[in-house]
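Novice: First, the structure itself, so that you have it in front of you.
The values are calculated or read from the model by the stated rules, or taken from the named source; none is laboratory data. Only a predicted model underlies this, so the values are computations on that prediction, with no experimental measurement involved. Note that we place each Cβ from the backbone using ideal geometry, even for glycine, and neighbour counts take in every protein chain shown.
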Amino acid sequence: MSRQEAQMELLQKLIRMESDCRKNGYQMIAGADEAGRGPLAGPVVAACVIMPEGRLILGVNDSKKLSEARREELYEKIIETAVAYRTGIIGQEVIDEVNILCATRLAFKEAIESLEIAPDFLYTDWIDKLDIGMPWTPVVGGDGQIYSVAAASIVAKVTRDRMMREYDRQYPEYGFARHKGYATAAHMEAIRKYGPTPLHRRSFLKKLNGETDG
């Protein structure tokens with residue numbers, strides 16, 4: 001099987017649930033996912049995407065299974081092709097105030113409700129208790145099972161990664177462009193050496209040893 005054939009086979013798998021949903025009368029089917037729940041610094045970013053029926057983009061998959069260069073390439077294709085897309089960005093101050101799960105729900109809600117075209121059905125990668133006014137189904141591992149959720153995972157990841165690269169210019173000693181705020185050894189050493197920046201999630205640092213809670 002060629003690479004293109006394998007990608008088409010994957011796409012056929014990814015559109016199965018949305019195709020079944022359309023058979024039940026839904027047309028504007030959105031997918032939503034997030035990036036950045038785990039890092040020590042920076043925002044959590046959610047994306048919500050409505051992809052057109054019948055216009056599939058080869059290579060769309062769970063963003064975690066793609067290289068950074070491939071995600072960037074697919075991001076451009078997704079935003080050019082999408083019927084509608086939006087992101088929701090919740091910063092570290094809110095994360096510290098309400099906790100990461102509540103902040104993630106807020107990011108989802110912001111992305112979904114800011115779409116210029118209202119979906120009539122929504123799939124998400126797994127998250128509970130979303131306060132949205134439409135039918136929706138959270139799916140465990142949805143970014144690897146549903147086409148629009150996979151597309152949203154790419155949009156969310158690329159959006160956040162670009163933000164972290166910009167933060168790297170502001171705080172070059174921390175290496176945000178490399179680790180994107182995750183708790184790598186180099187990142188932990190930078191926090192011990194220089195102390196936390198305004199981008200760091202104080203509530204996350206408190207869970208680490210006392211050296212990092214500067």
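Novice: Take segment 32-59 and flag every residue that is under 13 Å from Tyr147 (Cβ atoms) and out of contact with any Cys (no Cβ under 7 Å at 6 or more places or on another chain).
Specialist: Selection gives Asp33, Val49, Ile50, Met51, Pro52, Glu53, Gly54, Arg55, Leu56, Ile57, Leu58, Gly59.
Novice: List the number of the failed condition for Arg70; all other conditions in (1) under 22 Å from Met28 (Cα atoms); (2) without any contact (Cβ under 8 Å) to a residue 12 or more places away in the chain; (3) basic (Lys, Arg) hold.
Specialist: (1)
Novice: Still on this model: Taking segment 193-213, which residues are of a type outside the set (Gly, Ala, Ser) and at pLDDT 95 or above?
Specialist: Within segment 193-213, Lys193, Tyr194, Pro196, Thr197, Pro198, Leu199, His200, Arg201, Arg202, Phe204, Leu205 qualify.
Novice: Only one of Gln170, Gln92 is among the polar types (S, T, N, Q), under 14 Å from His200 (Cα atoms), modelled with pLDDT of 95 or more and surrounded by 14 or more Cβ atoms within 10 Å (Cβ to Cβ); which?
Specialist: Gln92
Novice: Shifting gears a bit: When both residues are 6+ apart or on different chains and their Cβ atoms are under 6 Å apart, which pairs have a first residue that lies in segment 170-184 and is more than 15 Å from Glu68 (Cβ to Cβ), and a second that is at pLDDT 95 or above and outside any helix (DSSP H, G or I)?
Specialist: As it stands, the answer is Tyr171/Thr197; Ala183/Leu40, since those pairs meet every condition given.
Novice: Moving to a separate point now. Of all residues in segment 1-38 being part of a helix (DSSP H, G or I) and among the basic types (Lys, Arg), which is farthest from Asp120 (Cα to Cα)? Even if it seems obvious, please write down each step before you answer.
Specialist: Just the residues of segment 1-38 that are part of a helix (DSSP H, G or I), to begin with: 3-14, 16-23.
Subset that is among the basic types (Lys, Arg): 3, 13, 16, 22-23.
Details: Arg3: 34, Lys13: 22, Arg16: 18, Arg22: 10, Lys23: 13 Å.
So, considering only residues that are part of a helix (DSSP H, G or I) and among the basic types (Lys, Arg), the one farthest from Asp120 (Cα to Cα) is Arg3.
Novice: On to the next question. Give me a count of the residues in segment 119-139 that are free of Cβ contacts under 8 Å to residues at least 40 places away in the same chain and not in a loop (DSSP other than H, G, I, E, B).
Specialist: Residues meeting the conditions: 3.
Novice: Confirm whether Glu116 is under 18 Å from Gly181 (Cα atoms), outside any strand (DSSP E or B), modelled with pLDDT of 95 or more and among the charged types (D, E, K, R).
Specialist: no
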